[in-house]
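Student: Take a look at this one; I'll ask things after.
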Amino acid sequence: MRLDRFMTPPLNGDIMFSLPSFPKLFLVVAVVAIVWWWFRRPAVQSDRSESQVRNDNRRGAAPPGGAAKPKAVEDLVKCPSCGTYIAAGSACDCKNGK
């Protein structure tokens, strides 16, 4: 007794693996290209922004967000009682702070 009563031929013939059709190849290539572009996009944008900053610095343009003000630099002095470094002219938080 046969389990498959109606012996129908396979839909793709007798060949198990065959050459894919052009639309299938095109779809696979398109998906790979889109995925590659999607993961490559942040690197390209960061390269563009770095080159734009370099060009702006060459021309003497101000960075985005207005002119950059240099931050004040303060001298540090060592606290004689606890040994930590604090800004000159400020009091230390230790017990014998000066």
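Student: Could you grab the pairs with beta carbons closer than 6 Å, sequence gap of 6+ or different chains, first residue in the range 76-93 and part of a loop (DSSP other than H, G, I, E, B), second one loosely packed, with under 10 Cβ neighbours inside 10 Å and not charged (D, E, K, R)?
Tutor: Here the result reads Ser81/Asn96, each pair linking the range 76-93 to a residue that is loosely packed, with under 10 Cβ neighbours inside 10 Å and not charged (D, E, K, R).
Student: Which condition number does Arg40 fail, the rest of (1) modelled with pLDDT under 75; (2) part of a helix (DSSP H, G or I) being met?
Tutor: Only one criterion in (1) modelled with pLDDT under 75; (2) part of a helix (DSSP H, G or I) is unmet by Arg40, namely (1).
The values are calculated or read from the model by the stated rules, or taken from the named source; none is laboratory data. Remember, it's a predicted structure, so these values are computed and weren't measured experimentally. Glycine also receives a Cβ, built like all others from the backbone with ideal geometry; neighbour counts cover every protein chain displayed.
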